[in-house]
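Taking it in order: structure first as structure tokens, then the write-up.
The values are calculated or read from the model by the stated rules, or taken from the named source; none is laboratory data. Quick caveat: nothing in here was measured; it's all calculated off a predicted structure. In this analysis, Cβ positions are derived from the backbone assuming ideal geometry, glycine residues included, and neighbour counts consider all displayed protein chains.
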Amino acid sequence: MRHQIKVFILIVFLLILNGCAKKVLMKYAETDTIKMCEENFYSKFYMHFSENEKNEFKEIKTLGECQIFIDTFWQKRDTDPSTSENEYKTLLEKRVEDIEKEVLFQNMDTAGFAFKASDGFKGDPAKIYMLHGAPDFTKKIEGHTFVNLMVWIYGDENGKHRYRFLFYQKNSIQYVIFWPQWNGWIAIEEISKDFVELDAVYEELIQNEGEIFLISMISFSDNSNITPDKALKPPKPASEIAKELAPKIKTETPKTEEIVVANSFNSTIPAEFSYEITNDKLILKLEIKHEDLDWILKNNELVSELFIKTIVWDKDQKHEEEHNINIVSTKQKITEKNSFFFFESKPITLESEIVKASIYIKNNQKYNSWIEEIKR
Amino acid sequence: MKILILAMFLLQEPALLPIQQGPNNPPSVNGWKKVTEIHLELKNVIKSGEKTMTATSIVGSFRVLQNPELESEFVFMVSKYPPLTFVPQLLQSAENTRDEMVVAENYFQKVKQEKLKEMIKFSDTILLIKWRESKDLRTGETILLGPIENWLLNQQGKWIFESTNDKTIKRELVSEEDLLLGFKFSLKENYHILRLNMSHLGGEK
């Protein structure tokens, strides 16, 4: 009986253990949804999930919801929206394929290394590979005085080391990441085998051209701003980067819907410019036909919003004026051929014989501009 | 080479806006084949606090069109549309990788093309130059056949016409203080300016 109880407890314990090993992220999903989403998708691409996406993912219940999630996930990460191909999806799927095909196993510098032996997609090497792809430089070393080591280096645009990932073989089975230590001797102690002098470890590494392993034990990157934490963060989706980095676009917003009466042009306000000089005083003049402006209805009145900017450069002086004018009219007046709006600048006392004048007018998205040399 | 670089700004076939009819008005070129289209761009370095950045403004475009019924006949057409200015974000460039910059540029190009398409709906033709050319049978060089016909929309909204044997239309860059403002197209004493809106540049000069 006691034996039967012991067996029962052992079975219950094993069942609990088994349950823990197959930890399910999607709490409310059906079995086939878990298979498609969690086992086939999340388990491979989880390093690219943001915290929000993880939370969203946990709530998925159906296959349909899962498909929408996956489509959005890729769409947000498309690096070039003008092409039909999703380049980022292709890139990550290639990384999955590389891991599954054990591309590093037959690589001269990493011969014998298998992702599968290092916990597959859950292991540190696969995590790094999924985040950063194939390293630019790899090296593996088997030591007598230290555990097996492997280093992956990713370069930057200037040929410097952006990331140095050092892995050590734990329990002679799987490679796990080694985080750099400030103190080199502590680092060496961590990778040394039992009952070995630290000097001997150092010597063996130097003799086997293992300087790169020594550097990687104490420093993660040539750029001091890059920390292992940053290197393990999921990369920002392309659409988010674009939002942050894209230039701001500034333009006129045509009030097409508000316009009741429009002139016959799309971007031009026809107008007559002239000037008058009396007793050394310059006055800039504009004459605009009402029919050459755009009109909106405001409190039962037809209003044209006109912006005028004038600048006169005279010797070292700059005379600048800006006016926002609301011209009020009637439909009948607007259609009359000889109904005008007149503008005159404030008189400017001239000092030079020749001055330069710039006039800019804007109405809705339409504008006109003059640049004139005015002789006294 | 210059044409090749500028041709990167080629658009996807927006419809040509008809030119208004009048006594001096240029002929309709609807249905003519587009040979090339180039946007009239200006770049200005602007200051914002301690940082400087280059803003790009587009004030119009020019096209070369070919008469499909008479292949030796061409027009050079300038369109004016409401100016667009692209002001870059202030970046901590060390933080952003080249890949991120490429991604941002890819997305920006798409938005830029969409915005330009939108603006072209509000364009006016302000200049048209029509000519015919043929090949010199002896040298193989392209030569001008007959006069050049020039039409310019002046600032009063009237078309000015001039038939000449040489290039008559002048194009000048217009600047105000340290800023490139736009382009001035002149036909004798008449001119038309395509320019940016200074307020779009923001920042301090």
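Give region A:258-276 a look and list any residue that's more than 9 Å from every other protein chain (Cβ to nearest Cβ) and modelled with pLDDT of 95 or more, or say none.
A:274, A:275, A:276
Residue B:148 - would you say it is touching a Ser or Thr at 6+ places or on another chain (Cβ under 6 Å), touching a residue at least 12 places away in the same chain (Cβ under 8 Å) and either of a type in the set (Gly, Ala, Ser) or buried (at least 17 other Cβ atoms within 10 Å of the Cβ) (or both)?
yes
All but one of (1) of a type in the set (Gly, Ala, Ser); (2) crowded, with 18+ Cβ neighbours inside 10 Å; (3) away from every other protein chain (no Cβ under 13 Å) hold for residue A:219; which doesn't?
Among (1) of a type in the set (Gly, Ala, Ser); (2) crowded, with 18+ Cβ neighbours inside 10 Å; (3) away from every other protein chain (no Cβ under 13 Å), residue A:219 violates only (2).
Which count do you get for residues in region A:277-295 that are crowded, with 18+ Cβ neighbours inside 10 Å, more than 11 Å from every other protein chain (Cβ to nearest Cβ) and not in a loop (DSSP other than H, G, I, E, B)?
4
Within region B:120-148, can you find the residues that are in a strand (DSSP E or B), farther than 30 Å from residue A:263 by Cα and not acidic (Asp, Glu)?
Result: B:131, B:132, B:134, B:135, B:142, B:143, B:144, B:145, B:146, B:147, B:148.
Against the conditions (1) charged (D, E, K, R); (2) surrounded by 14 or more Cβ atoms within 10 Å (Cβ to Cβ); (3) within 7 Å of chain A (Cβ to nearest Cβ), where does residue B:132 fall short? Just the number, please.
Here residue B:132 clears every test but (3).
Name the single residue, out of those in region B:170-202 being part of a loop (DSSP other than H, G, I, E, B) and either within 11 Å of chain A (Cβ to nearest Cβ) or farther than 23 Å from residue A:249 by Cα (or both), that is modelled with the lowest pLDDT.
Filtering region B:170-202 for residues that are part of a loop (DSSP other than H, G, I, E, B) and either within 11 Å of chain A (Cβ to nearest Cβ) or farther than 23 Å from residue A:249 by Cα (or both), the one modelled with the lowest pLDDT comes out as B:202.
Do any helices (runs of 4 or more DSSP H) lying entirely in region A:1-77 carry at least 3 residues that are modelled with pLDDT of 85 or more, and which ones are they?
Those helices (runs of 4 or more DSSP H) span A:51-58, A:63-77.
In region A:222-254, what residues are part of a loop (DSSP other than H, G, I, E, B) and either surrounded by fewer than 13 Cβ atoms within 10 Å (Cβ to Cβ) or of a type in the set (S, T, N, Q) (or both)?
A:223, A:224, A:225, A:227, A:233, A:253
Got a sec? Which of B:167, B:117 is away from chain A (no Cβ under 12 Å) and part of a helix (DSSP H, G or I)?
Just one listed residue meets the conditions, B:117.
How many of the residues in region A:263-276 are crowded, with 17+ Cβ neighbours inside 10 Å and within 48 Å of the chain's Cα centre (by Cα)?
The qualifying residues number 8.
Look at residue A:183 and say whether it is facing chain B (nearest Cβ under 8 Å) and surrounded by fewer than 17 Cβ atoms within 10 Å (Cβ to Cβ).
No, not satisfied.
Considering only residues that are in contact (Cβ under 8 Å) with a residue 60 or more places away in the chain, more than 13 Å from residue B:26 (Cβ to Cβ) and under 25 Å from the mean Cα position of the chain (by Cα), which ones fall in region B:128-145?
B:132, B:133
Check off (1) at positive phi; (2) surrounded by 12 or more Cβ atoms within 10 Å (Cβ to Cβ); (3) of a type outside the set (D, E, K, R) for residue A:310 and give me the number that stays unchecked.
(1)
Mind counting the residues in region B:75-114 that are modelled with pLDDT under 85, touching a strand residue (DSSP E or B) at 6+ places or on another chain (Cβ under 7 Å) and either more than 7 Å from chain A (Cβ to nearest Cβ) or under 30 Å from residue B:144 (Cβ atoms) (or both)?
1
Of everything in region A:82-93, what is in contact (Cβ under 8 Å) with a residue 40 or more places away in the chain and either surrounded by fewer than 15 Cβ atoms within 10 Å (Cβ to Cβ) or within 10 Å of residue A:238 (Cα to Cα) (or both)? Give them in sequence order.
A:88, A:91
Identify the single condition in (1) closer than 17 Å to residue B:155 by Cβ; (2) away from chain B (no Cβ under 14 Å); (3) surrounded by 19 or more Cβ atoms within 10 Å (Cβ to Cβ) that residue A:302 does not satisfy, given that it satisfies every other one.
Unmet condition: (1).
Residue A:110: modelled with pLDDT of 90 or more, surrounded by 15 or more Cβ atoms within 10 Å (Cβ to Cβ), under 20 Å from residue A:134 (Cα atoms) and in contact with a strand residue (DSSP E or B) (Cβ under 7 Å, 6 or more places away or on another chain), yes or no?
So residue A:110 fits the description; yes.
Would you be able to tell me the number of residues in region A:138-168 that are free of Cβ contacts under 8 Å to residues at least 40 places away in the same chain and loosely packed, with under 15 Cβ neighbours inside 10 Å?
The qualifying residues number 5.
Given B:43, B:34, which one is modelled with pLDDT of 95 or more and within 23 Å of the chain's Cα centre (by Cα)?
Going through B:43, B:34 in turn, the sole match is B:34.
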